[in-house]
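S.K.: This is the structure, below, for whatever I ask next.
The values are calculated or read from the model by the stated rules, or taken from the named source; none is laboratory data. None of these values were measured; they are calculated from a predicted model. Virtual Cβ from ideal backbone geometry, glycine too; neighbours counted across all protein chains shown.
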Amino acid sequence: MNSPRLVPCLFIAAILLIPARSSASEPDPPRQNETIYATVLMRAAPGRLLELIDLQPIGSLEEQYAEPMMRQRALAGSRLDLPDSLYEQKLRELASWREETFYTGPSPEAFQTAVSPPAGYFHVEMFVALAGKHEELYRQRVMENDYLGRIGRPLNLIFYKTLGGPWDCFTLGLYRDLQHFAASADVPADVEEEAAIAAGFESSSMIGPYMRSLINWHQDTIGRIIRQ
């Protein structure tokens with residue numbers, strides 16, 4: 001087996017709190033591949049978001065420590081009159097909260113394709129599973145992707161925790177714009193019902209309640225993709 005690849009993923013956002021849960025009983029689903037993502041969640045200090053974005057370049061783990069990215073960070077620091085030795089101190093000043101977690105997820109190629117134009121907005125949903133429901137929650141996310149595909153909606157990227165913070169699973173949906181995100185409201189009810197049953201749900205109206213039966217809580221937010 002090839003060694004897992006490690007890719008960083010950065011979100012900078014104020015996250016909205018929305019409760020949720022779900023259920024199933026087939027064997028554990030296979031993980032998508034052996035790619036591991038180092039996911040960094042940050043909340044900018046009030047009024048400091050743009051400074052935080054400028055200070056924190058994004059790329060692969062290899063790029064993070066390669067000479068060009070180190071130069072980019074140094075350039076970001078120089079714009080702020082910041083010597084290298086004070087980079088972390090400045091980061092702590094600009095971020096009021098920071099959390100790092102490792103997840104398995106899609107291949108870097110699939111990730112890059114999903115987040116590339118025309119994608120302009122992302123919808124991230126993050127879940128804390130009930131005790132013993134971690135694998136079932138993952139299956140529910142896979143089933144929901146099946147459902148989304150059947151009604152012609154973009155599939156979510158699915159990430160499953162291996163180490164770190166409280167979030168057991170998160171999904172990332174990519175959309176051209178807010179109208180694209182809201183377009184599922186235009187799908188006929190009979191098409192939704194047929195797709196939900198084919199994907200393994202009791203009905204389209206039970207997709208949300210099933211998910212909510214599996215979790216302690218969940219948070220989500222939608223935002224614009226930042227490209228550097």
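S.K.: Would you check if residue 124 is within 11 Å of the chain's Cα centre (by Cα) and surrounded by 18 or more Cβ atoms within 10 Å (Cβ to Cβ)?
M.R.: Details: within 11 Å of the chain's Cα centre (by Cα): yes; surrounded by 18 or more Cβ atoms within 10 Å (Cβ to Cβ): yes.
Answer is yes for this residue.
S.K.: Under the condition of being at pLDDT below 90 and of a type outside the set (Val, Ile, Thr), which residue from the stretch 111-141 is farthest from residue 54 (Cα to Cα)? Break it down into steps so the answer makes sense when it comes.
M.R.: So the first thing to find is which residues in the stretch 111-141 are at pLDDT below 90, and the list is 111-112, 115.
The next check asks that each one be of a type outside the set (Val, Ile, Thr); those that pass are 111-112.
On the way: 111: 22, 112: 21 Å.
Here the residue is 111.
S.K.: Could you please find all residues in the stretch 38-49 being at pLDDT 85 or above and not hydroxyl-bearing (Ser, Thr, Tyr)? Can you show your working first?
M.R.: Kept after step one, since they are at pLDDT 85 or above, are these residues of the stretch 38-49: 39, 41-49.
Of everything in the stretch 38-49, those that are at pLDDT 85 or above and not hydroxyl-bearing (Ser, Thr, Tyr) turn out to be 41, 42, 43, 44, 45, 46, 47, 48, 49.
S.K.: How many of the residues making up the stretch 196-228 are touching a helix residue (DSSP H, G or I) at 6+ places or on another chain (Cβ under 9 Å) and either acidic (Asp, Glu) or buried (at least 19 other Cβ atoms within 10 Å of the Cβ) (or both)?
M.R.: The qualifying residues number 11.
S.K.: Give the residues of the stretch 196-224 that are among the small types (Gly, Ala, Ser) and either assigned to a helix (DSSP H, G or I) or closer than 26 Å to residue 167 by Cα (or both), sorted by residue number.
M.R.: Of the residues in the stretch 196-224, the ones among the small types (Gly, Ala, Ser) are 196, 198-200, 203-205, 208, 213, 223.
Listed by number, the residues that qualify are 196, 198, 199, 200, 204, 205, 208, 213, 223.
S.K.: Evaluate the stretch 174-195: report whether one residue or more is over 30 Å from residue 98 (Cβ atoms), in a loop (DSSP other than H, G, I, E, B), in contact with a helix residue (DSSP H, G or I) (Cβ under 8 Å, 6 or more places away or on another chain) and of a type in the set (Val, Ile, Thr).
M.R.: Scanning the stretch 174-195 turns up no residue that is over 30 Å from residue 98 (Cβ atoms), in a loop (DSSP other than H, G, I, E, B), in contact with a helix residue (DSSP H, G or I) (Cβ under 8 Å, 6 or more places away or on another chain) and of a type in the set (Val, Ile, Thr).
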